[in-house]
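Every read-out reported here was derived from the displayed coordinates using simple, explicitly stated rules and does not represent laboratory data. On a predicted model such as this, the values are computed, not experimentally measured, just so you know. Quick reminder, even Gly has a Cβ in these numbers, built from the backbone with ideal geometry, and neighbours come from all protein chains shown.
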Amino acid sequence: MNNKGLYRLLETSFLGFLGGYVFSLANLPLPWVLGPLTFVMLWQGFSKRKAYWPKPIKNAGLSILGIYFGLYFTTETFLTIGPYFLPFLLITILIISVSIIISTVVTKWINVDQITSVFGSIPGGLTEMVIASESLNAKPSLVIIFQTVRLLTVLFIVPTVIVFYLTEQNPIPTTEVVQEVIASSRWSYLWFILPIAIGMLVQNKIPAGFVIGPLAATVLINISFVTLPSVPNLVLLAAQMAVGISLGKSISFTDLKLGGKYCFVYFSIALFLIITSFGLGAVLAHFTSLNFATAVLSVAPGGIVEMVLTAAIVGGDPAIVSALQLTRILVIIMFVPTVLKWYFRKNTTKTAA
């Protein structure tokens, strides 16, 4: 790395730290994710300078968070999740169906084709939805914009509502949950080499590989005879900052402007999906033994990282949220693009006939 690259890296790091610190002082939700995201996004938009944040730093942050989430899992976690799996799967299918119906209906009043609209609003991975939409001749640029609007809406609204209005009376601090049950030892940190290596191996083979790979490997180690240490608080905050900066770097004012007046339409769709997920989360909590925060964050159409971190803050169960959010992501990534391809191709064939 040359001196210019080092300067830009330090500049971006300072912006991320400043954003996290300001959001933390303001007692805002997920300060070390949303703070860096906001400051880096605004810096790029107003200064016209591109933030510099190498992909390995982002991947390192994701791996650390994956390990951190995996430490919450115990053998009892898997026994606990069993009764919730089928109801959660039905709720996931319902949310996906609502997303498809609404995004199809709005195309009657706006100049966006159905395929682009559906892939732009469905609560799945941005990259995966863009790739899937390209194979059906959608407009990838619009899919990116609408997915970005959805992502920002979920990231800022869901944690804010949960933290400020649904926090339990005596929330469990994030670091204490793990530290109470996990002993720390310097040598035991060497075990974390294995989850990181697994993340590198599966990064291009499964969705969100740098989170899911380390998470799964940590779970397997944690439920065995090995006693793993907790993730140091400073390391955890640095990992959140790394992810927040990378998210902010990927969002540009130019992309948002391209969507023009349609951004509000897809913001409204995202808002409706959030309200729907809150309602379905309440139903899940009512008919199961899950507390409200855990149920809502498991159902919420957000990223696994942000929802699990929020669960840790408000006294939810991060292990259950991790498992159910992972289930939602896998269902969307593995089945939805294939089903949508079949559906739209079938409709195209009928229209042509």
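Shown is the FRET efficiency for Ser97 and His286, computed with R0 = 30 Å from the Cβ-Cβ distance and rounded to the nearest 0.05: 0.90. Candidate membrane-span-like segments in the chain, meaning DSSP H helices with Cα atoms spread over at least 30 Å of their own axis and a Kyte-Doolittle mean of 1.0 or above, are 75-105, 140-165, 262-287, with no membrane implied. Taking the Cα centroid of the range 80-121 and of the range 15-32, what is the distance between the two, rounded to the nearest whole Å? Each part's Cα centre sits 32 Å from the other's. With the simple model of a label 7 Å out from the Cα in the direction of the Cβ, Lys205 to Val22 spans 4.3 nm.
Taking label positions 7 Å along the Cα-Cβ direction at both Thr74 and Thr254, the computed distance is 5.2 nm, reported to one decimal. With contacts taken as Cα pairs under 8 Å and at least 6 residues apart, the range 3-352 reaches a relative contact order of 28 percent.
Greater than 27 Å separation of Cα atoms is the criterion. Which listed pairs, Lys205/Lys341; Lys50/Lys261; Lys4/Lys257; Lys139/Lys346, meet it?
Beyond 27 Å: Lys4/Lys257.
Computed over the alpha carbons of the range 205-290, Rg followed by Dmax gives 19.4, 56 Å. With the charge dipole of the range 3-352 set up from +1 on Lys and Arg Cβ and -1 on Asp and Glu Cβ about the Cα centre, the Cα lying farthest toward the positive end among the listed residues Phe164, Ala138, Ala217 is that of Ala138.
Shape call for the chain from the C-alpha gyration tensor, a ≥ b ≥ c root eigenvalues: rounded (a/c under 1.5), prolate (a/b greater than b/c) or oblate? Here the chain falls in the oblate category. Placing unit charges on each Cβ (+1 for Lys and Arg, -1 for Asp and Glu) gives the chain a dipole about its Cα centre, and among Ser322, Phe272, Phe253 the Cα reaching farthest toward its positive end belongs to Phe253. Seen from Lys50, the other residues with C-beta closer than 12 Å to its C-beta sum to a net charge of +3, counting Lys and Arg as +1 and Asp and Glu as -1. Among Ile193, Ile102, Ile91, the largest mean-square fluctuation in a Gaussian network model of the chain, built with springs joining Cα atoms closer than 10 Å, belongs to Ile193. Taking label points 7 Å from Cα along the Cα-to-Cβ direction, Leu42 and Tyr7 give a separation of 2.5 nm.
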